[in-house]
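The values are calculated or read from the model by the stated rules, or taken from the named source; none is laboratory data. Here the structure is a predicted model, which means the values were calculated and not measured. Note: ideal-geometry Cβ built from the backbone for every residue, glycine included; neighbour counts use all protein chains shown.
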Amino acid sequence: MTAGERLVVARVRGFHGLRGTMRLESLTDLAEQRFAVGKSLFVEGSDRPLTVVESAPDSLGWRVRFAEVSDRTASEALRDVYLEAVVAPGEELPRGEFYWHQIIGAAVSDVDGTALGKVVDMYRAGGAEVMVVMGPAGELDVPVVRSIVRIFAPARGEIVVDGVALGLRDEEVDKQESAGVSSSSPEAGVPGEVRVAESGSEPGA
């Protein structure tokens, strides 16, 4: 992700009052920065800026009013749309950290070679990021933690997990096989933190 590219940072979930104020589901760890007064967001796929004139966190996310959205009718036209922010210089992620959208689409397999499917979604639970993997056995939720993920290389579309730790297999993983995909792999060990500051282009990305 480089400067000038755009990331999804919020989704419009509801409305507040008659002045066009919208309730946003925050999809960013930088909410105070992204929704600050004077900042511009964009409806996904559009180049029309929406300029923040009021913002405040609430129990459901954030209440935000934009200069270009003057009343409730205008705001209701944006129900369920995703809002993007432009990545500024200096906001690029360092090596080994990834946005959610960079993980979606990666192939996931067990250490025994069994294909489990591909990452189709991401969410956060209990302080950890969780990959939603869809494959031959259906949907599987995989926490991105060292005890489960043995190889984490979204850049090349490869993620290897421990099926025993996930409860997919009862037998012990062969020690030699396990060692071959340990997190100490110099090319693709699981980083101490999977950076998911923003989800990126979540729909289809």
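Considering every residue within segment 31-40, establish whether at least one is of a type in the set (A, V, I, L, M), touching an Asp or Glu at 6+ places or on another chain (Cβ under 9 Å), loosely packed, with under 14 Cβ neighbours inside 10 Å and not assigned by TED's automatic domain parsing to the domain that holds I148. Walk me through it before giving the result.
The initial filter retains those residues of segment 31-40 that are of a type in the set (A, V, I, L, M), namely 31, 36-37.
Those still in the list that are touching an Asp or Glu at 6+ places or on another chain (Cβ under 9 Å) too: 37.
The next check asks that each one be loosely packed, with under 14 Cβ neighbours inside 10 Å; those that pass are 37.
From what's left, not assigned by TED's automatic domain parsing to the domain that holds I148: 37.
Looking for residues that are of a type in the set (A, V, I, L, M), touching an Asp or Glu at 6+ places or on another chain (Cβ under 9 Å), loosely packed, with under 14 Cβ neighbours inside 10 Å and not assigned by TED's automatic domain parsing to the domain that holds I148, one finds at least one in segment 31-40, hence yes.
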### Whichever residue in segment 141-150 is under 19 Å from the mean Cα position of the chain (by Cα) and either assigned to a strand (DSSP E or B) or acidic (D, E) (or both) and, among such residues, is farthest from R169 (Cα to Cα)
P143
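For G127, are the conditions met, namely being of a type in the set (G, A, S), more than 27 Å from V12 (Cα to Cα) and either surrounded by fewer than 20 Cβ atoms within 10 Å (Cβ to Cβ) or modelled with pLDDT under 85 (or both)?
no
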### Query
Residues in segment 188-200: is at least one modelled with pLDDT under 80, assigned to a loop (DSSP other than H, G, I, E, B) and loosely packed, with under 14 Cβ neighbours inside 10 Å?
yes
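Looking only at residues in segment 6-15 that are under 14 Å from V69 (Cβ atoms) and surrounded by 17 or more Cβ atoms within 10 Å (Cβ to Cβ), which one is farthest from the chain's Cα centre (by Cα)? Steps first, answer last, please.
As a first pass, look at segment 6-15 and keep what is under 14 Å from V69 (Cβ atoms): 10, 12, 14-15.
Narrowing the set further to residues that are surrounded by 17 or more Cβ atoms within 10 Å (Cβ to Cβ) leaves 10, 12, 15.
On the way: A10: 11, V12: 16, F15: 24 Å.
For segment 6-15, the residue satisfying everything is F15.
Looking at segment 151-162, which of its residues are at pLDDT below 90 and either in a strand (DSSP E or B) or surrounded by 16 or more Cβ atoms within 10 Å (Cβ to Cβ) (or both)?
Those that are at pLDDT below 90 and either in a strand (DSSP E or B) or surrounded by 16 or more Cβ atoms within 10 Å (Cβ to Cβ) (or both): I151, F152, A153, P154, E158.
Here is a yes/no grid of residues against (1) over 14 Å from V12 (Cβ atoms); (2) within 15 Å of the chain's Cα centre (by Cα); (3) not charged (D, E, K, R):
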site	(1), (2), (3)
K39	yes, no, no
S55	no, no, yes
R63	no, no, no
E68	no, no, no
V86	yes, no, yes
D112	yes, no, no
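Restricting to strands (runs of 3 or more DSSP E) lying wholly in segment 33-140: which have 2 or more residues that are touching a residue at least 40 places away in the same chain (Cβ under 8 Å) and farther than 18 Å from H16 by Cα?
Values: elements: 40-43, 49-58, 61-66, 82-86, 107-110, 115-125, 128-135.
Once the strands (runs of 3 or more DSSP E) in segment 33-140 are filtered for at least 2 residues that are touching a residue at least 40 places away in the same chain (Cβ under 8 Å) and farther than 18 Å from H16 by Cα, what remains is 40-43, 82-86, 107-110, 115-125.
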